[in-house]
Amino acid sequence: MTTKLLAPGGNLEMAVGVLERGADAVYVGARGWSRRTENYEMSSKDIKTLAQYASVHNKEVRVAFNTIASSTEFPLMLKTIEEFNSYGIEGVIMTDPGAMSLIRDRFPDLEIHASAGANIINENDIKFYRAAGATCIVAPCNITMDEIKFIQDDLNLKLEIFLHSNNCFTYLGKCTMSSYIKQDWHIENGKNRFFGSPNRGGHCNRICQIAWESGESSVKMTNDAFLLLNTIPVALRNGVSYLKVQGREYGNSLIFDMISFYREVIDKCKNGENDLSGYLFKLNELSKRRDVERDMRTAGLLKIAKSNSEIKRIEI
Amino acid sequence: MELATHIATVKTLTDRAIKNFDTIYLGDPTCPKFPGNISSGNDLDRAVDRVKKLGKKCYLSLYAVPRTDDFKWMETLIEKAEKLPIDGFEVHNMGLLRLIKSKDIHAGLFINLYTKQTADLLKQFGTSRVFPNPELALEEIDIIKKSVQITMPINGNIPLGISDHCFFIDELKMEGSCETLCRTPKWLKQDEWQLGNIGRAPISGYELCMAEYMSDLLKSNYQFFYIYSFRRDEVYLETASSIYRDLIEGKIDEIYAVRELSMLAKFGLCNGYFFKQSGYKYISKRNKEAI
């Protein structure tokens with residue numbers, strides 16, 4: 001099986017740019033439905049343009065519907081996916097198993113990636129999500145070789161591994177600390193944006209990153225971003241389907257450089273090169289640039305969380 | 001009407017603690033290392049025996065975030081528990097659903113249930129009752145209730161997530177045994193915000209309190225109520241459950257109940273997310289202002 005590089009598309013320019021720089025597939029957020037704020041989601045018109053571009057260049061498009069909708073929003077979700085399906089997208093990224101089940105019934109040919117937010121952490125979880133309709137599973141952190149073989153060989157499912165993402169203190173998709181501190185309901189075009197809930201609206205206030213007073217000391221909870229390198233040859237040897245770079249919310253320039261970097265590394269590994277030590281310096285440089293952007297965004301989000309105003313429009 | 005809570009260990013499964021409850025979820029699903037945790041199989045027979053002798057229902061609460069390796073011990077535990085006179089299992093992980101062969105299943109808090117569509121799916125796997133994700137508003141829970149029985153939380157510190165590592169040991173770098181470290185929550189403060197942590201789960205600083213709204217919940221035909229009680233003592237369990245019992249039976253009024261419950265709360269009360277607001281706020285039914 002060919003391993004594909006799956007890149008983020010936080011806007012149309014980023015989405016086309018990563019494909020030009022060697023990504024095999026791009027994922028974008030459907031406006032109102034993805035685990036990012038609307039600045040990093042795309043309009044129907046842009047998704048249509050992207051799908052046409054990808055089709056001409058033999059690339060793939062995934063659309064993230066990975067916030068958890070309210071029960072009454074499912075008809076709108078189905079209508080929206082039907083529209084994107086008509087544009088020729090290859091798959092969707094989802095979290096809610098009930099939603100996956102409906103999509104599988106309605107669009108049997110559509111690839112369904114079970115999102116990181118689905119929090120799939122064991123082999124029996126994987127069986128459950130397969131029964132719900134998932135065709136591709138995001139690997140749990142510290143996935144074992146046995147689990148990789150089980151997913152791909154025994155269950156015949158595709159597997160996605162993150163090259164760039166972050167680990168929170170809590171399991172992704174199961175944290176409600178952000179909306180405990182600040183949440184606003186805001187309905188736009190029939191879809192509630194659930195500002196403040198990363199699970200439902202894509203906006204996380206990152207309150208775990210405040211220096212919380214704990215007695216005499218202060219503490220921030222773990223929220224480590226990572227960029228992987230040595231995982232790549234292992235993933236290629238084991239036929240992992242997708243190597244994913246998370247980052248719709250970062251600047252285009254940084255993401256373009258990350259994708260060019262990973263394209264080069266993957267191609268080297270495919271040609272039998274396993275010594276990646278020569279790439280460490282460049283990886284560290286990318287990591288530093290990523291941290292600068294990430295810290296600025298965290299500071300902005302915390303400022304909004306601390307303000308008295310409703311969240312509504314986010315310009316960070 | 002049914003009132004339920006979790007009791008982590010046989011030691012804390014006292015007559016005083018559980019006398020006002022109808023259903024006990026045995027164990028603490030957040031951490032298998034919690035000393036004496038019934039969820040890990042400690043004293044399971046004794047715990048079931050004690051609850052059953054008092055004529056109450058009991059469900060074994062299973063570890064919420066098992067990795068593949070955990071299934072070895074969990075399958076043995078489930079097999080053993082299925083032979084005991086428990087009423088069923090509380091399951092927080094989708095992967096565990098298929099392992100329950102002959103008992104009732106209640107989907108617990110960490111299963112992350114947000115939609116009626118997922119509730120319908122869980123029913124196909126033998127689930128009879130679900131715990132709605134705390135982020136849901138009442139009007140959203142009403143929709144899910146058309147599909148499946150609801151466990152409705154009404155009081156206590158709301159768990160706000162779950163982790164696979166320990167806040168005390170891995171984040172605060174505290175030294176000591178689990179017996180010492182895990183006795184009480186660690187409280188965190190930032191201006192008016194209050195959070196807590198019980199080891200592998202952050203919890204709300206402010207306590208959920210739905211006493212003012214009990215008559216509305218009963219009118220809406222909610223029947224299965226739940227009090228969060230991780231790391232709380234028997235005095236809390238006895239007092240909080242007694243207040244809700246008296247309130248439901250019309251022996252006390254709502255304002256009196258709220259006052260009494262606020263005295264049990266370390267930092268104050270909240271309504272959680274039920275009224276579409278930030279989880280830490282309290283909206284009073286009477287004056288629509290925070291208490």
When you look at B:GLU139, is it over 19 Å from B:GLU90 (Cβ atoms) and free of Cβ contacts under 8 Å to residues at least 12 places away in the same chain, yes or no? yes
Give just the number: which of (1) in a helix (DSSP H, G or I); (2) in contact (Cβ under 8 Å) with a residue 12 or more places away in the chain does A:LYS244 not satisfy? (1)
Scan the stretch B:143-161 and give yes if some residue there is crowded, with 19+ Cβ neighbours inside 10 Å, within 23 Å of B:TYR63 (Cβ to Cβ), of a type in the set (Val, Ile, Thr) and at the interface with another protein chain (Cβ under 9 Å from one of its Cβ atoms), otherwise no. yes
Name the single residue, out of those in the stretch B:89-102 being under 27 Å from B:LYS53 (Cβ atoms) and crowded, with 23+ Cβ neighbours inside 10 Å, that is farthest from the other protein chains (Cβ to nearest Cβ). B:GLU90
All but one of (1) small (Gly, Ala, Ser); (2) part of a loop (DSSP other than H, G, I, E, B); (3) more than 14 Å from every other protein chain (Cβ to nearest Cβ) hold for B:SER262; state the number of the condition that does not hold. (2)
Can you name the residue in the stretch B:55-88 that is touching an Asp or Glu at 6+ places or on another chain (Cβ under 8 Å) and of a type in the set (Ser, Thr, Tyr) and is also farthest from the other protein chains (Cβ to nearest Cβ) among such residues? B:TYR59
Would you check if there is a residue in the stretch A:176-198 being touching a residue at least 60 places away in the same chain (Cβ under 8 Å), part of a loop (DSSP other than H, G, I, E, B) and among the hydrophobic types (A, V, I, L, M, F, W, C)? yes
Take the residues in the stretch B:186-211 that are assigned to a loop (DSSP other than H, G, I, E, B) and modelled with pLDDT of 95 or more; name whichever of them is surrounded by the fewest Cβ atoms within 10 Å (Cβ to Cβ). B:ILE198
Give the residues of the stretch B:8-38 that are buried (at least 24 other Cβ atoms within 10 Å of the Cβ), touching a Leu at 6+ places or on another chain (Cβ under 6 Å) and touching a residue at least 60 places away in the same chain (Cβ under 8 Å), sorted by residue number. B:PHE21, B:LEU26
Tell me whether the stretch A:179-193 contains one or more residues that are facing chain B (nearest Cβ under 9 Å), within 23 Å of A:ARG130 (Cα to Cα) and surrounded by 19 or more Cβ atoms within 10 Å (Cβ to Cβ). no
Out of the stretch A:196-230, which residues are at pLDDT below 90, crowded, with 17+ Cβ neighbours inside 10 Å and away from chain B (no Cβ under 11 Å)? A:GLY202, A:HIS203
Taking the criterion of being within 18 Å of the chain's Cα centre (by Cα), more than 10 Å from every other protein chain (Cβ to nearest Cβ) and of a type in the set (D, E, K, R), would at least one residue in the stretch B:172-188 satisfy it? yes
For the stretch A:49-80, which positions are surrounded by 15 or more Cβ atoms within 10 Å (Cβ to Cβ), in a helix (DSSP H, G or I) and away from chain B (no Cβ under 14 Å)? A:THR49, A:LEU50, A:ALA51, A:TYR53, A:ALA54, A:SER55, A:THR80
What do you reckon, is A:ILE112 surrounded by 21 or more Cβ atoms within 10 Å (Cβ to Cβ), more than 27 Å from B:LYS116 (Cα to Cα) and of a type outside the set (D, E, K, R)? no
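The values are calculated or read from the model by the stated rules, or taken from the named source; none is laboratory data. The structure displayed is predicted, hence computed values, not measured ones. As a convention, Cβ positions derive from the backbone with ideal geometry for all residues, glycine included, and neighbour counts pool all protein chains shown.
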